[in-house]
Amino acid sequence: MKPSEIDLHKELKKYFGFNQFKGLQEGVVKSIITGNNTFVIMPTGGGKSLCYQLPALVLDGTAIVVSPLIALMKNQVDAIRSLSSEYGIAHVLNSSLTKTEVNQVKKDITSGVTKLLYVAPESLTKEEYIDFLRSVPISFVAIDEAHCISEWGHDFRPEYRNLRAIIKQLGDVPIIGLTATATPKVQEDILKNLDMTDANTFKASFNRPNLYYEVRPKTKNVEADIIRFIKQHKGKSGVIYCLSRKKVEEIAQVLQVNGISAVPYHAGLDAKTRAKHQDMFLMEDVDVVVATIAFGMGIDKPDVRFVIHHDIPKSLESYYQETGRAGRDGGEGHCVAYYSYKDIEKLEKFMAGKPVAEQEIGFALLQEVVSYAETSMSRRKFLLHYFGEEFDEVNGEGADMDDNVRNPKKKVEAKDQVVL
Ligand code: ADP
Ligand code: MG
């Protein structure tokens, strides 16, 4: 069937059970199935996966999906499998597979059963895999979390830099880049690195009108302040982000002592404990997770009502991502960041040991965080401007949803503040 003859709504319903495309999805899907390089910028939760999954399912051949996290891949593969009884529609190829499993995957690709092949970028560098992939029909290559290619992204991964060269070896296949990082610099980097400045670009708005943004000065009373805040939001789900594992443990304990049901989550806990704490939060056995940034990748709890940053993050991308976990269901989402210039200096110190180029980028990103924290303008306007988006601070959606707009006189100047 010619791509133009495919009834996309029918396929959408058939494979995913959805009646409608979300946001820009339909345009993206059309761009991909007609063989174009395509660039998709949508906030987390925007529905990026479907943008390449649906084309993969309706096109001939196998789509390669590059994704940085094996755990995320597994989730996606399981989700796809549950959509269709047709065995083998999605597969993962990575270092955790046995030789027998690899052979089975290869067989399914060759026979045309596998429509989506998820690979980690480092697996793609394997000569053996490349040789194999050159010998089978590839519909396109989707690069999820494409910001990993950019040093200006919040999660730079050098392996991503080799992707373009590898894809070239596969022949003339369209490339789809997808990311939730919207800064103009990162976007430019992605397009340049993937050699696809000709790509059809689809950028959704990053405005989250139901999120309320607030910055509070970080004083020695920060813990008491957090406890008060949580008690005002009794029974609601929330996440508290801290920079260090030690701080996570400390705060979790302080909350527990104060009668708040909270669990810690960080990469220092063993996998079993982490999974348990995550489940407790998802199942609402606890209200609050105190976490490092290790928490949240791929977490989809719709009714998180607040996200508190005990420590300011090192970039506004991170801040946007982390606060973005609040109010997924469109309901209330209160985002509070505690800010003290001392924390900025701490973050600068962390960076001191890094290579110069990395330091420069780190400082520049941090400077934006400082500007955000100290601004007296609409925080939403500031954030969206940072993402290359204009926002009308008078009539825009969610215009009054931040502290600066509601209380215009108050200005946080942590530099001048005496920390008691
Ligand atoms: P992203 O990768 O952009 O963060 P996902 O691909 O994980 O987002 O999708 C987020 C959620 O949106 C998922 O729960 C997915 O099932 C849902 N979703 C995607 N497309 C649609 C649609 N057309 N209609 C309804 N829900 C959708
Ligand atoms: Mg995604």
**Report entry** Of Lys247/Lys272; Lys220/Lys349; Lys48/Lys301; Lys192/Lys381, pairs whose Cα-Cα distance is over 19 Å
**Finding:** Lys247/Lys272; Lys220/Lys349; Lys192/Lys381
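Charges at C-beta only: +1 for Lys and Arg, -1 for Asp and Glu. How large is the resulting dipole of the chain about its Cα centre, in Debye rounded to 20? If you can, show how the numbers build up before the last one.
Working: 53 positive and 57 negative charges, 134 e Å.
Once rounded to the nearest 20, the dipole reads 640 debye.
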Query - Distance histogram in 10 Å bins (all Cα pairs of region 204-355, percent per bin) - result: 11, 43, 35, 10, 1
Requested in this report: Taking only Cα atoms and a 10 Å spring cutoff, compute GNM fluctuations for the chain and point out the largest among Ile130, Ile308, Ile293.
Outcome: Ile130
Requested in this report: Please give the calculated 222 nm ellipticity per residue for the chain, where each DSSP H segment of at least 4 residues contributes -39500 (n - 2.57) and the sum is spread over every residue; nearest 500 deg cm²/dmol?
Outcome: -12000 deg cm²/dmol
Query - Average projection area in nm² (convex hull over Cα atoms of region 160-287, one quarter of hull surface) - result: 12.2
Query raised in the report: Quick one, what does Rg over Rh come out to for region 284-354 if you take C-alpha atoms and the Kirkwood Rh?
Result: 1.02
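For region 200-343, what is the charge dipole size about the Cα centre, in debye to the nearest 20, if Lys and Arg each add +1 at the Cβ and Asp and Glu each add -1 at the Cβ? Kindly include the intermediate steps, with their values, before the conclusion.
Working: 21 positive and 18 negative charges, 54 e Å.
Value, rounded to 20: 260 debye.
Suppose R0 equals 41 Å; then what is the FRET efficiency for Phe363 and Glu11 from their Cβ-Cβ distance, rounded to the nearest 0.05? Mind dumping the intermediate values first?
Numbers: r = 48 Å, r/R0 = 1.16.
Once rounded, the FRET efficiency stands at 0.30.
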**Report entry** Charge-dipole axis of region 90-158 as Lys and Arg at +1 and Asp and Glu at -1 on Cβ define it, positive-most pick from Val92, Trp152, Thr110
**Finding:** Thr110
Report summary line: Out of Tyr265, Ile312, Ile138 - ranked by how far each Cα lies towards the positive end of the dipole of the chain, with unit charges on the beta-carbon of charged residues - the top one is Tyr265
Requested in this report: List the residues whose amide H sits under 5 Å from the amide H of Thr62, counting only those 5 or more places along or on another chain, with H placed 1.01 Å from N in the peptide plane.
Outcome: Ile138, Ser139
**Report entry** Most mobile of Arg274, Arg228, Arg305 in a GNM of the chain (Cα contacts under 10 Å)
**Finding:** Arg228
Requested in this report: Would you mind computing Rg(Cα) / (2.2 N^0.38 Å) for region 77-209, counting N as its residues?
Outcome: 1.14
Query raised in the report: Along the three principal axes, how long is the chain when you take its alpha carbons, biggest first, rounded to the nearest angstrom?
Result: 68, 47, 43
Query - Fraction of alpha-carbon pairs over 16 Å apart in region 171-221 - percent - result: 59
Query - Inter-site label distance for Arg228 and Glu284 at 7 Å from Cα along Cβ, in nm - result: 2.8
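Quick note: the coordinates plus some simple rules give every number you see, no bench work behind them. Since the model is a prediction, treat every value here as computed from it, not as a measurement. Cβ atoms come from the backbone with ideal geometry, glycine included; neighbour counts cover every protein chain shown.
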